[in-house]
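The values are calculated or read from the model by the stated rules, or taken from the named source; none is laboratory data. Source: prediction; values computed, not measured. Reconstructed Cβ throughout: ideal geometry from the backbone, glycine too, with neighbour counts over all protein chains shown.
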Amino acid sequence: MPAEALDGEALRLAVIAAGPPPPVAGMLGAAEVRAGAGARWESSHGAVQGYAVTVALCAEDLAAVDASPSARDLLERAFAAAIGATPGHALTALAARWNRRGAVRVTTYREAATAAVAVTLDEGLRRYHRARGEGGALPDDLRLEEALGVVLASTTSKVARRERAPVEAALASMLGADVKVRWSVRSGG
């Protein structure tokens, strides 16, 4: 793939066409991919253009990648192979984030397929938490809203710091490490 043709969708399709392992192929069905040109360097074989890739995955797949170094490795190898298929191109970084369009299984009378549908941050967090299978439940009354780069987390009663930690860690994985979370207590139910 020449540098000017390396767009996210073309890269996603190239990875799928290369026949990655089943877990990776399943993750990429509803994924969104961005690939930006990054560092350039000279190697013994000539100039190399590096690419930083961000893969936006549904909450369940992101949880699997976060929980398993082998799943992350499979994903990185699949993208490295697709980018490296063009001489002078290399993967320099791979980041996984939450895709606000989550994967949903759709079954018709003829076939089963995966479709991408919009998922709220509340639902995305709950799916991520369930898929990670970590101890402790999320507060039932937890509501999340995003405003100006800040996630506003509210409940009807005060939440202890230790109970906030898993929510904040999941949001950092889903939205990026620099996400700011502000907690508040709201009145009513």
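Filtering the stretch 158-189 to residues that are assigned to a loop (DSSP other than H, G, I, E, B), over 16 Å from the mean Cα position of the chain (by Cα) and exposed (fewer than 15 other Cβ atoms within 10 Å of the Cβ) leaves Lys158, Ala160, Arg186, Ser187, Gly188, Gly189. Contact map, the stretch 17-33: first residue in a loop (DSSP other than H, G, I, E, B), second residue of a type in the set (S, T, N, Q), Cβ cut-off under 8 Å, separation 6 or more or different chains; pairs are Gly29/Thr114; Ala30/Asn99; Ala30/Thr114; Ala31/Asn99. When restricted to residues that are within 27 Å of Leu121 (Cβ to Cβ) and crowded, with 17+ Cβ neighbours inside 10 Å, the stretch 42-59 contains 6. Annotation: of all residues in the stretch 112-144 being under 16 Å from Trp98 (Cβ atoms) and assigned to a strand (DSSP E or B), the one that is modelled with the highest pLDDT is Leu144. The residue that is surrounded by the fewest Cβ atoms within 10 Å (Cβ to Cβ), counting only those in the stretch 135-157 that are more than 11 Å from Ser184 (Cα to Cα) and among the charged types (D, E, K, R), is Asp140. Within the stretch 37-47, one or more residues are touching a helix residue (DSSP H, G or I) at 6+ places or on another chain (Cβ under 9 Å) and closer than 19 Å to Asp7 by Cβ. Could you check the stretch 32-46 and list, in sequence order, the residues that are in contact with a strand residue (DSSP E or B) (Cβ under 7 Å, 6 or more places away or on another chain) and not aliphatic (A, V, I, L, M)? Of everything in the stretch 32-46, those that are in contact with a strand residue (DSSP E or B) (Cβ under 7 Å, 6 or more places away or on another chain) and not aliphatic (A, V, I, L, M) turn out to be Glu32, Arg34, Gly36, Gly38, Arg40, Trp41.
Each row is one residue, and each column tells you yes or no for (1) out of contact with any strand residue (DSSP E or B) (no Cβ under 9 Å at 6 or more places or on another chain); (2) aliphatic (A, V, I, L, M).
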position: Ala25; (1), (2): yes, yes
position: Ala30; (1), (2): no, yes
position: Val48; (1), (2): no, yes
position: Cys58; (1), (2): no, no
position: Leu74; (1), (2): yes, yes
position: Ala82; (1), (2): no, yes
position: Ala85; (1), (2): yes, yes
position: Ala90; (1), (2): no, yes
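Return the pair list, or none, for Cβ contacts closer than 8 Å from residues in the stretch 163-176 that are closer than 14 Å to Leu142 by Cβ to residues that are basic (Lys, Arg), at least 6 apart or on different chains. Within 8 Å, the pairs are Ala170/Arg132.
Answer yes or no as to whether Ala39 is more than 19 Å from Leu74 (Cα to Cα), loosely packed, with under 13 Cβ neighbours inside 10 Å, assigned by TED's automatic domain parsing to the domain that holds Leu62 and modelled with pLDDT of 90 or more. So Ala39 does not fit the description; no.
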